[in-house]
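Okay, so here's the structure we're looking at.
Throughout, read-outs are computed from the coordinates displayed, never taken from laboratory work. What you see is a predicted model, and the numbers here were worked out from it, not measured in a lab. FYI the Cβ positions are ideal-geometry reconstructions off the backbone, even for glycines, and counts take in every protein chain you see.
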């Protein structure tokens, strides 16, 4: 395993694992328990938006995860202008404070109590922590001049020049295989693409937990379910 990009909201790495295993881990991203707003009590709403619209917006606001599995938040304001997610106060912090919820004119007010609980992305998108994708790595043999055109578009690729040919290993964050194929077709040049054993895995977080934790928690949840299945099969 080799890390390519590591940020709180993005984790990209390459690893020599089977695609079927990567796909199982990808599917289990939406089996991770995540806390999100599930029910709301609207005490007062003078804004132009329907109660149902506000409820939908509140449900999709990502919350920073802590040790609690459920909790309560309150939104109460009479301030003229946009009402943002940062106005939600309670047992959880919002990830992004400038998500617009509604708009108030002078003399209007809004008061809401929101109830958050733990759930899974497979049941509703509001519980989804992020997205995982993966692709094969490739070794590309291409005309040297075309390879330079590729490098002009994607600066961090490495070219191994061999005579009039160049070898590009497509195992970074930016996929170059499609670009190489497109240029080869445009300039009517020969291209040879060979799949490698390793795959490139990319995870993007919606902010509730960091991107790397999405991967580790997905594996933990998968292992737990496999262990329970093994017990049932063994009976």
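Here are the numbers:
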read-out	value
Sequence-separation-based contact order of the range 34-126, relative, with Cα cut under 8 Å and 6+ spacing, percent	43
Angle between the chain longest axis and helix 144-153 axis [Cα atoms, degrees, rounded to 10]	20
Crossing angle, helix 211-234 versus the chain [Cα axis fit, 0-90 degrees, rounded to tens]	90
By average C-beta atoms within 10 angstrom, highest first, the peptides 18-24, 223-229, 54-60	54-60, 18-24, 223-229
Net length gained if the chain between residue 197 and residue 33 were fully extended (0.36 nm per residue, minus Cα distance)	55.8 nm
Overall Cα dimensions of the chain, principal axis frame, Å, largest first	75, 60, 24
Reciprocal of mean inverse Cα separation for the range 153-227 (Kirkwood radius, Å)	15.8
By average C-beta atoms within 10 angstrom, highest first, the peptides 101-114, 197-210, 158-171	197-210, 101-114, 158-171
For the range 104-235: rounded, prolate or oblate by the Cα gyration tensor [a/c cutoff 1.5]	oblate
Efficiency of FRET from Cβ geometry, residue 24 and residue 159, R₀ 35 Å, rounded to 0.05	0.50
Order of 132, 1 under a 10 Å beta carbon neighbour criterion, fewest first	1, 132
Cα-derived Rg over Rh, computed across the range 34-126 with Rh taken as Kirkwood radius	0.96
Label-point gap, in nm, between residue 216 and residue 44 - each point 7 angstrom along Cα→Cβ	4.6
Estimated [θ] at 222 nm from DSSP helical runs (n ≥ 4, -39500 (n - 2.57)) normalised by residues in the chain, nearest 500	-8500 deg cm²/dmol
The chain: relative contact order in percent, alpha carbon pairs under 8 Å with at least 6 residues between	28
Net length gained if the chain between residue 69 and residue 225 were fully extended (0.36 nm per residue, minus Cα distance)	54.1 nm
